[in-house]
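Trainee: Here's a structure for you.
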Amino acid sequence: MTKRIIAYTLLFLVSAICVADNKADNNVFEMISFHTYYEQSKTLSNPKPKVPAKAPTVYSAGHTLYFESGMQGYGIQLLSMADEGTVIYEDIITDDSRTYTLPENLSGEYLIKLTYGNLAFIGMIML
């Protein structure tokens, strides 16, 4: 019985060390934290819901965004950090993929805005 406990302990330690080394080498994913806003629009008559919307879970690695759920139909904008009104990049996510690649020529820190109807999620991203 003690040999089995020692074997399991050694196996656990070896796997923990391997996982720690792998995370140290491949820790390139960054989670983007979003704040939720409701935009007032004259064309959309959707009232503000009574329950706050759940912000999407989005990770970034380089110029690729990874979504936890499908984001088809969402608008995506990158805004200048110096002047939040200046749109640097804008597109609509048309496919049901869980990844989205931003243009390679963009670099620096931006505000990222995901919109769906009158619902907007705003966060920061570093490219």
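The values are calculated or read from the model by the stated rules, or taken from the named source; none is laboratory data. These numbers were taken from a predicted model, which means no experiment stands behind them. To get the accessible areas, we keep the full protein, side chains included, count just its heavy atoms, and leave off ligands, DNA and RNA. Shrake-Rupley method; radii C 1.70, N 1.55, O 1.52, S 1.80 Å.
Trainee: Given H placed 1.01 Å from N in the peptide plane, which residues other than close sequence neighbours of Ile88 have an amide H under 5 Å from its amide H?
Mentor: The list, which skips near neighbours in sequence, is Leu78, Leu79, Ser80.
Trainee: So, one more: In the stretch 76-127, carbon and sulfur make up what percent of the accessible area (probe 1.4 Å)?
Mentor: The value for the stretch 76-127 is 48 percent carbon and sulfur by accessible area.
Trainee: Next up: Spelling out what I want: for every residue of the stretch 58-74, take phi, set θ = phi - 60°, compute 6.51 cos²θ - 1.76 cosθ + 1.60 (Karplus), and round to whole Hz; glycine and proline get x.
Mentor: 10, 10, 10, 9, x, 9, 10, 9, 10, 9, 6, 10, x, 10, 4, x, 7
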